[in-house]
1. On the basis of being free of Cβ contacts under 8 Å to residues at least 24 places away in the same chain, out of contact with any Asp or Glu (no Cβ under 7 Å at 6 or more places or on another chain), in the same structural domain as Thr309 (by TED's automatic domain parsing) and of a type in the set (Asp, Glu), does Glu353 make the cut?
2. Among Gly284, Gly181, which is the only one that is modelled with pLDDT under 95 and among the small types (Gly, Ala, Ser)?
3. Let me spell it out: the conditions are (1) of a type outside the set (Lys, Arg); (2) under 19 Å from Arg363 (Cα atoms); (3) surrounded by 19 or more Cβ atoms within 10 Å (Cβ to Cβ), and Thr287 meets all of them except one. Which number is the exception?
4. Being part of a loop (DSSP other than H, G, I, E, B), of a type outside the set (Gly, Ala, Ser), touching a residue at least 24 places away in the same chain (Cβ under 8 Å) and assigned by TED's automatic domain parsing to the domain that holds Pro274 is the requirement here; does Val436 meet it?
5. Checking Leu291 against (1) in contact with a Lys or Arg (Cβ under 8 Å, 6 or more places away or on another chain); (2) free of Cβ contacts under 8 Å to residues at least 60 places away in the same chain; (3) part of a loop (DSSP other than H, G, I, E, B): exactly one of these is not met. Which one?
6. Taking the condition surrounded by fewer than 14 Cβ atoms within 10 Å (Cβ to Cβ) and either of a type in the set (Phe, Trp, Tyr) or modelled with pLDDT of 80 or more (or both), does Ala79 pass?
7. What are the residues in the range 237-262 that are in a loop (DSSP other than H, G, I, E, B) and crowded, with 17+ Cβ neighbours inside 10 Å, if any?
8. Does Arg347 satisfy the criteria of being within 27 Å of Ala376 (Cα to Cα), of a type in the set (D, E, K, R) and either surrounded by fewer than 21 Cβ atoms within 10 Å (Cβ to Cβ) or in contact (Cβ under 8 Å) with a residue 24 or more places away in the chain (or both)?
Amino acid sequence: MFDIKWIRANAEAFDAAVSRRKGISVRSGDLLAIDDRRRDIIARLNDAQEKRNALSKQIGQAKAQKDEARAQELMAEVAGLKDFIPQGEADERAIELELRNALSVIPNLVFDDVPDGTDETGNVEYFGRNGSPETAAKVRAPKPVLGFAPKEHYEIGEAMGQMDFETAAKLSGSRFVVLKGQVARLERALGQFMLDLHTTEHGYTEVQPPLLVRDEALFGTNQLPKFEEDLFFTPHGDSRLALIPTAEVPLTNFVRESILAEEELPLRLTALTPCFRSEAGSAGRDTRGMLRQHQFNKVEMVSITTPETSVDEHERMLGCAETVLQRLGLHYRVMNLCTGDIGFGARKTYDLEVWLPGQDTYREISSVSVCGDFQARRMDARYRPTGEKQAPRFVHTLNGSGTAVGRCLIAVMENYQQEDGSVAIPDVLQPYMGGVKSIGGRG
């Protein structure tokens with residue numbers, strides 16, 4: 001969320017930047033008009049309060065001088081102000097809410113190196129800082145050559161009898177799945193592998209956060225108010241709680257309404273959790289299989305940094321997510337998302353897209369975003385610079401999938417499928433599978 005003072009001081013730059021965002025028509029003049037009304041109300045209220053205080057002193061003086069007539073005259077003026085001031089305070093609260101609501105639905109401003117575009121077709125492949133296709137190819141597995149017609153993951157899983165959409169539909173409806181046997185174990189192995197990698201090699205602290213969060217937490221990570229329809233809510237006393245759409249919500253909100261010491265940064269947290277999304281607006285998309293589910297598991301990474309280090313942290317987090325796919329031997333590419341495809345709270349986002357032979361295409365398996373101080377302002381999350389006598393500064397927040405476990409299961413099943421219907425287990429996962437080298441198949 002933006003500081004209206006900054007918008008007033010940088011109106012032209014704000015308008016130029018926000019015009020790059022898809023479907024956003026608001027401009028600084030719209031916001032400043034609301035702020036002008038707010039400032040006028042505050043000025044009139046302050047004048048009334050100052051006048052009331054001055055009159056109150058004069059009443060005391062008149063009474064001390066036994067000038068009852070003057071005292072009564074002044075008290076009548078104060079009585080009139082007592083009617084105005086409560087209304088003025090109510091007007092102030094109303095205009096503050098109007099301004100907050102207007103600011104809260106404006107997306108973050110993207111970096112200059114984010115490509116312009118209207119949708120995902122405007123995304124640009126990214127090969128790393130100072131990278132090239134040649135250098136990227138050295139660390140990324142090549143596309144698999146299967147030598148037979150590849151199947152999609154649900155065909156493989158259903159043939160094994162270990163991926164059951166019919167039972168899931170009886171229990172919960174569409175966009176759910178029941179995993180069984182070795183496929184269920186494989187999904188669990190993927191999550192454990194990712195957690196171990198991020199905690200032992202990448203410096204993240206494992207967390208088991210609540211799966212239900214308050215509206216304030218969702219506002220902090222910008223799911224509310226704009227994306228309310230994507231959430232699942234449950235009543236909770238006189239209010240409500242929401243099932244988390246991603247562990248980004250609780251992990252990032254760890255620092256809400258806090259002032260950290262600079263020495264505590266960067267703060268790096270990771271969690272393996274179920275995620276819950278209504279998938280509003282996705283009717284008819286990816287209706288077969290596990291690609292777009294109401295419930296799925298994901299390993300999330302969150303970093304809290306100083307402003308000076310957030311861009312470097314973004315590249316570091318991308319590397320953490322890439323390492324997962326590299327260790328699994330999965331072919332993928334990295335895309336720098338364009339202005340028409342980037343998320344609401346991000347200043348820049350890299351998507352990792354894994355190759356799926358069954359679909360003969362790339363599909364997103366991780367998004368890694370740097371948000372600057374956008375979320376920190378919504379959460380009031382700050383830090384105190386070391387050795388500097390100045391006001392606390394807002395932290396910068398970053399988040400990324402490390403990775404989506406269900407989609408990683410899809411990728412492993414499709415890339416490691418064998419002609420006999422079995423699935424070979426990547427070497428790095430075999431210790432988590434009790435040494436099993438393959439699952440399923442006719443033999």
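The values are calculated or read from the model by the stated rules, or taken from the named source; none is laboratory data. The model shown is predicted, which means the values in this text are computed figures rather than measured ones. In this analysis, Cβ positions are derived from the backbone assuming ideal geometry, glycine residues included, and neighbour counts consider all displayed protein chains.
1. Values: free of Cβ contacts under 8 Å to residues at least 24 places away in the same chain: yes; out of contact with any Asp or Glu (no Cβ under 7 Å at 6 or more places or on another chain): no; in the same structural domain as Thr309 (by TED's automatic domain parsing): yes; of a type in the set (Asp, Glu): yes.
For Glu353, the condition - free of Cβ contacts under 8 Å to residues at least 24 places away in the same chain, out of contact with any Asp or Glu (no Cβ under 7 Å at 6 or more places or on another chain), in the same structural domain as Thr309 (by TED's automatic domain parsing) and of a type in the set (Asp, Glu) - is not met.
2. On inspection, the qualifying residue turns out to be Gly284.
3. It fails just one condition, (3).
4. Numbers: part of a loop (DSSP other than H, G, I, E, B): yes; of a type outside the set (Gly, Ala, Ser): yes; touching a residue at least 24 places away in the same chain (Cβ under 8 Å): yes; assigned by TED's automatic domain parsing to the domain that holds Pro274: yes.
Yes: the conditions hold for Val436.
5. Leu291 satisfies every listed condition except (2).
6. Criteria not met by Ala79.
7. Ile244, Pro245, Thr246, Ala247, Arg256
8. yes
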